[in-house]
1. Only residues that are touching a Phe, Trp or Tyr at 6+ places or on another chain (Cβ under 9 Å) and free of Cβ contacts under 8 Å to residues at least 60 places away in the same chain: list them for region B:276-291, please.
2. Pairs please, first residue from region A:9-34 and farther than 21 Å from A:Phe63 by Cα, second anywhere and open to solvent by less than 60 Å² (accessible area, probe 1.4 Å) and among the β-branched types (Val, Ile, Thr), Cβ atoms under 6 Å, 6+ apart in sequence or on different chains.
3. Looking at the structure I just gave you, is B:Arg110 at pLDDT below 95, surrounded by fewer than 19 Cβ atoms within 10 Å (Cβ to Cβ) and charged (D, E, K, R)?
4. Just to be sure before I move on: is A:Glu315 open to solvent by 20 Å² or more (accessible area, probe 1.4 Å) and within 23 Å of A:Asp31 (Cβ to Cβ) in the structure I sent?
5. Of all residues in region B:308-324, which are within 11 Å of another protein chain (Cβ to nearest Cβ) and either part of a helix (DSSP H, G or I) or farther than 11 Å from B:Leu287 by Cα (or both)?
6. If you scan region B:134-181, which residues turn out to be of a type in the set (Gly, Ala, Ser), touching a residue at least 12 places away in the same chain (Cβ under 8 Å) and part of a helix (DSSP H, G or I)?
7. Take B:Gln155 and tell me if it is open to solvent by 10 Å² or more (accessible area, probe 1.4 Å) and closer than 30 Å to B:Ile303 by Cα.
8. For a quick check of your reading of the model, give me the residue pairs whose first member lies in region A:186-213 and is within 13 Å of chain B (Cβ to nearest Cβ), whose second is hydroxyl-bearing (Ser, Thr, Tyr), with beta-carbon atoms closer than 6 Å and at least 6 apart or on different chains.
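The values are calculated or read from the model by the stated rules, or taken from the named source; none is laboratory data. Note that this is a predicted model, so its numbers are computed, not measured. As a convention, Cβ positions derive from the backbone with ideal geometry for all residues, glycine included, and neighbour counts pool all protein chains shown. When the accessible area is computed, the model is the full protein with side chains, heavy atoms only, and any ligands, DNA or RNA have been set aside. Shrake-Rupley method; radii C 1.70, N 1.55, O 1.52, S 1.80 Å.
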Protein chains: 2
Amino acid sequence: MKEISALLGYRSSIKVVDATLRDGGLVNNFDFSDEFAKALYETNVKAGVDYMEFGYKASKEIFDENKFGKWKFCADDHIREIVGENQTDLKIAVMADVGRCDYKQDILNRSDSPIDLIRVATYLTTIPGAAHMIEDAKNKGYEVSCNIMAISNTQESDLRIALDTLGQTPVDVLYIVDSFGALYPEQIARISDMYMEFAEKYNKKIGIHAHNNQQLAFANTIEAVGDGVDWLDATYASMGRGAGNCAMELLLGFLRNPKYNIYPAIKFVEKYMEKLKEEGTVWGYDLQYLMTGILNQHPRTAISFTKEQRKDYTEFYKEIVAQD
Amino acid sequence: MKEISALLGYRSSIKVVDATLRDGGLVNNFDFSDEFAKALYETNVKAGVDYMEFGYKASKEIFDENKFGKWKFCADDHIREIVGENQTDLKIAVMADVGRCDYKQDILNRSDSPIDLIRVATYLTTIPGAAHMIEDAKNKGYEVSCNIMAISNTQESDLRIALDTLGQTPVDVLYIVDSFGALYPEQIARISDMYMEFAEKYNKKIGIHAHNNQQLAFANTIEAVGDGVDWLDATYASMGRGAGNCAMELLLGFLRNPKYNIYPAIKFVEKYMEKLKEEGTVWGYDLQYLMTGILNQHPRTAISFTKEQRKDYTEFYKEIVAQD
């Protein structure tokens, strides 16, 4: 059982990462207004959030700039239009997917960029590619984290090799990612222990990025906190792909470090996130995501179900069980 | 850390209690159609649910029968209209509040009733009254459980006295009740340990009834399962007062005992619970409930906020912080 004091005190090594523009952008093709992005930035500053992820550094060779909002590509100048010289304690992050980013040209030197942190995202099958990107970003002067996605359907022995490989790179933070929202807190506890073993061996930090398919994104995040995980992803009103993520307002209500404030988060959700919902943007926990979560499947079928405004949950269940 | 095998196997002592009509009745004044109640009963039978709580045995002296649906009072004949002679494995439960139930006259002998389980609900201040009701129900031949409500703002030493007092009654099950949705899984683990200590001393079972103010009703319920808690309350689509309860469909997706089936639950939610929502019945997680949960307050202010269809969450936050 965890220390009774842990819920009253706090660990100053904890970092909160706002992923609203990035994971939320997967819901609305990154169609956020500049007003939204600026208000989000100011909210994060006031709420004491440590990092704000603006979106992806996606390859313009692979993705058509006309089909996505600007945060799919996160040009440094577009970030500057929101943050200016960013004279705040809030640091700026972007995500770069292995194989879907022209990182050598699109990621400039940190000294020339408003970005502080490069978040490399990889599957277990592309770890060497991730290692190259980590080296590149580190050489350019950035803080670097690495998300190993979709770990809920990987073999533990493979995952250990990946962690050992990444441990030998200059990456700063290794992320536990429950892409399918399939994991229970008991499993997060065991996975955290495994990640912590490599964190101690290689002097890295551990992070968690959870999905809310089973209404466990927040629960899994605070389970991980109790297990020594320091970097915590959250999004306002849980906005993120499919069932969404750990809600920032829940996380800020839980953390005891006085630098964090829930009030600006509530204000932002009231003014901006409720508006997105009213305008018809749909994300968050629903039966179809519960089902793909339970079955440890990618949420793509559930996302289609949602987009088609289907409500025949039992038919959907039969369809995805048949795919198992 | 919990045993790795526990998530793959199952504990046959676990009981699932459907509280939809009872806790959900607090949302709509027990205004459920007979069709709904019958379909719910049949769903519970098919899903392998162990107990179905029909509602309250409320005092007709205190509550006006014209102002509530019939499940506020749970006349035995009304239950029979739904379950007949109940030739199934599903057992029937009702709740009786200390001080709000004429239990001596309104609860008949079990041999004359379709009811199997009397669920006595008490605050910490009415434990002797609860003990009398437990004795009465036991003498009449029932299984008996006791919910100690609102424990998140009680003193641990007082709670221990209550558990020791109730341990000496013939009650079968003692319930952990997070009425305000204020507790985190770490706290549930410690509270479960305390309850288990008295359960072992007096040979009782332990149950949990969670609320979803912080999206932790399911997480707290499965935390408790891992800590040895056997009786698990859930409601379809989380329907229950304020932020609602642990969702039955989440719980059935988690439990590994082959007697439980999620499919009938999904079917029921699709056909009946979605309809209730479309007709305008409102319950479930929302910012106002998160706020009362974090502040460990009764949800009544948040329920009023919901009924008034207010959306000014920041004003509400200021109001309830001022009450603290």
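1. Passing the criteria: B:Lys277, B:Asp286, B:Leu287, B:Gln288, B:Met291.
2. From residues that are farther than 21 Å from A:Phe63 by Cα, the pairs are A:Val16/A:Val49; A:Asp18/A:Val49.
3. For B:Arg110, the condition - at pLDDT below 95, surrounded by fewer than 19 Cβ atoms within 10 Å (Cβ to Cβ) and charged (D, E, K, R) - is not met.
4. It is false that A:Glu315 is open to solvent by 20 Å² or more (accessible area, probe 1.4 Å) and within 23 Å of A:Asp31 (Cβ to Cβ).
5. B:Arg310, B:Tyr313, B:Thr314, B:Glu315, B:Phe316, B:Tyr317, B:Lys318, B:Val321
6. B:Ala137, B:Ser152, B:Ala162, B:Gly167
7. yes
8. Listed pairs, sorted by first residue: A:Ala210/A:Thr221; A:Asn212/A:Ser238; A:Asn212/A:Tyr285; A:Asn213/A:Tyr289.
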